[in-house]
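A.B. asks: Here you go, one structure.
Just so it is clear, none of the values below were taken in a lab; they were calculated from the coordinates. Note that the structure is predicted; figures quoted are calculated from it, not measured. Here the Cβ is made from the backbone with ideal geometry for all residues, glycine too, and neighbour counts use every protein chain on show.
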Amino acid sequence: MKILHFIDSSYFSLHRKTISEIILSLNKNGVEQEVITSFGASLGLIESVVPVKYWKVSKKGKSDTFMNKFKMWLEASRFSPDILIKWGMEARRLAPSGDFVQISFLNEKESLKSFDKSDYIMTNLESVLEYAKQNGFSGAKSFYVPSFVCEYSGKPLDKRDFYMPEKSRIIYIAGNFLKNIGWEAMFEVVSSIQNTYFFIAGSGNEEEYIKDYASRVNMKARSRFIPDIDKSLSALQLSDFAILTFDDVELQKNILEAWLSKKLVLTVKTDISSEFIKDGVNGFVVPKNDTYFLRKKLKEIMEMPEEERAKIINNAFETAKNFVEAEVALNYIKVFEELILKYKSRKNLFNN
C-alpha cells in the first residue's frame with residue numbers, strides 16, 4: 001500500500017498530533033508514504049521517517065498556480081499512490097486527480113463545498129460523521145476511524161528536571177496556541193492557585209500571545225511551555241491533573257492522552273467533549289468562558305477524596321484502553337485496504 005499525504009501547513013499546526021501520529025504509526029506498520037506540504041513548513045518527526053516534497057506560495061500569497069498544480073501532478077504520477085489523503089483546504093485545492101482513492105480529513109463541522117473532488121471524507125469523530133452524512137456524504141462516501149493514543153514509554157522524569165519544587169502541585173494544560181478558545185479565562189482562574197506550577201503544551205500561531213497573557217496574570221514564572229509531542233507526554237506523567245483548552249480541534253487527542261496517563265480531566269462542554277466525557281463519571285466539564293464555574297470545579301477537584309478520584313480515573317482509563325495505538329492503527333490499515341479494493345473493483349467493472 002502506498003499513501004501520499006497533501007498537508008496544508010496552517011492545518012498541520014492545528015492538527016499536529018493527529019497527523020503526525022497517523023503517519024508515524026502507518027510507517028511503523030510498513031506502509032510506504034510520502035508527504036507534500038507548503039514550502040518552509042516544519043513537520044517535526046514526520047520528516048525523519050518519510051520523504052517530504054514542497055509546493056511554493058507566490059508573493060501574492062497564492063499556492064494554486066498552474067506551475068504548482070503541474071508540479072503536484074508530476075509528483076503524484078511519479079509516486080503512483082494507492083491513496084491520496086488531503087489535510088486542509090489548501091491541500092484540497094492543490095491535490096491532483098489521478099488513478100488513486102482521494103480522501104479528505106474532517107474533524108469539525110465546516111462547509112463541505114471544497115470536498116466535492118474527494119471520494120471519501122475521513123473523520124475521527126462520530127458527531128462529524130453524522131454531519132457529513134447529513135450534508136451529502138452518505139455512509140458510502142464517509143467513514144469514521146477514531147483517534148488513537150500512544151502509551152508513554154519514556155524514562156521517568158523528576159520535577160527538578162523542570163526546576164519545580166518537589167512538593168509542588170502541577171496542572172497540565174494543553175491546546176492549540178490560539179486566541180479566544182479559552183486560554184484567557186482559564187489563566188485568570190488558575191493563576192490565583194497557590195503552590196502550583198503549570199505545564200502548558202501546544203503549538204500554534206499565537207504562542208507569543210499566550211506567553212504574554214501568562215505574564216499579565218503573573219503565572220509565567222510558574223509555567224513551563226512544552227512544544228514537542230514527545231515531551232508533552234513526559235510532562236503529563238508528572239502532573240496531578242489536566243485542564244484541556246476549549247474550542248480546540250485536537251481536544252479528543254488531549255482527553256485520551258490524559259486518560260491513558262491516569263489523570264483527571266477538566267474541560268468545557270463542546271461537541272467533542274460531549275462525545276467522550278460524562279461529567280463526574282470519567283471527567284469534568286464546565287460552561288465555556290464561565291470563570292465562576294471553572295473556579296468552583298477546580299476547588300472540588302483539588303479537595304476530592306482519594307477514593308472518589310481513583311474511581312473517576314479508573315473509569316476514564318478503561319475507556320482510553322479502547323483507543324490505544326496498536327489496535328486502532330490496524331483499523332486504519334484495514335479501512336484503507338478495503339477502499340483500495342473497492343476502487344479497483346469499480347475500475348475493473350468499468351473497463352470490462
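A.B. asks: Report Rg/Rh for segment 159-323, rounded to two decimals, where Rg is the Cα radius of gyration and Rh the Kirkwood radius.
C.D. replies: Rounded to two decimals, Rg/Rh equals 0.92.
A.B. asks: Which cross-chain or sequence-distant (5 or more) residues have an amide H under 5 Å from the amide H of GLY283, H modelled 1.01 Å from N in plane?
C.D. replies: Result for GLY283 returns LYS278.
A.B. asks: Please report the relative contact order for segment 213-296, taking Cα pairs under 8 Å with a sequence separation of at least 6, and give it as a percent rounded to a whole number.
C.D. replies: Dividing the mean separation by the residue count of segment 213-296 yields 20 percent.
A.B. asks: State the Cα centre-to-centre distance between segment 94-128 and segment 279-352 in whole Å.
C.D. replies: One Cα centre to the other: 21 Å.
A.B. asks: Could you sort out which of LYS28/LYS334; LYS17/LYS71; LYS141/LYS334; LYS2/LYS86; LYS109/LYS344; LYS167/LYS321 sit more than 20 Å apart by Cα distance in this structure?
C.D. replies: Distance filter (> 20 Å) returns LYS17/LYS71; LYS109/LYS344; LYS167/LYS321.
A.B. asks: State, as an integer percentage, the relative contact order of the chain based on alpha-carbon contacts under 8 Å between residues 6 or more apart.
C.D. replies: 15 percent
A.B. asks: For the chain, what is the mean residue ellipticity at 222 nm derived from helices alone (per DSSP H run of n ≥ 4: -39500 (n - 2.57); sum divided by total residues; nearest 500 deg cm²/dmol)?
C.D. replies: Result for the chain, helices only: -12500 deg cm²/dmol.
A.B. asks: Could you list ASP158, ASP240 in order of exposure, starting from the residue whose Cβ has the fewest other Cβ atoms within 10 Å?
C.D. replies: Sorted ascending by nearby Cβ count, the order is ASP158, ASP240.
A.B. asks: Shifting gears a bit: Work out, step by step, the length gained on full extension between ASN218 and PHE317: first 0.36 nm times the residue separation, then minus their alpha carbon distance; give nm to one decimal.
C.D. replies: 32.3 nm
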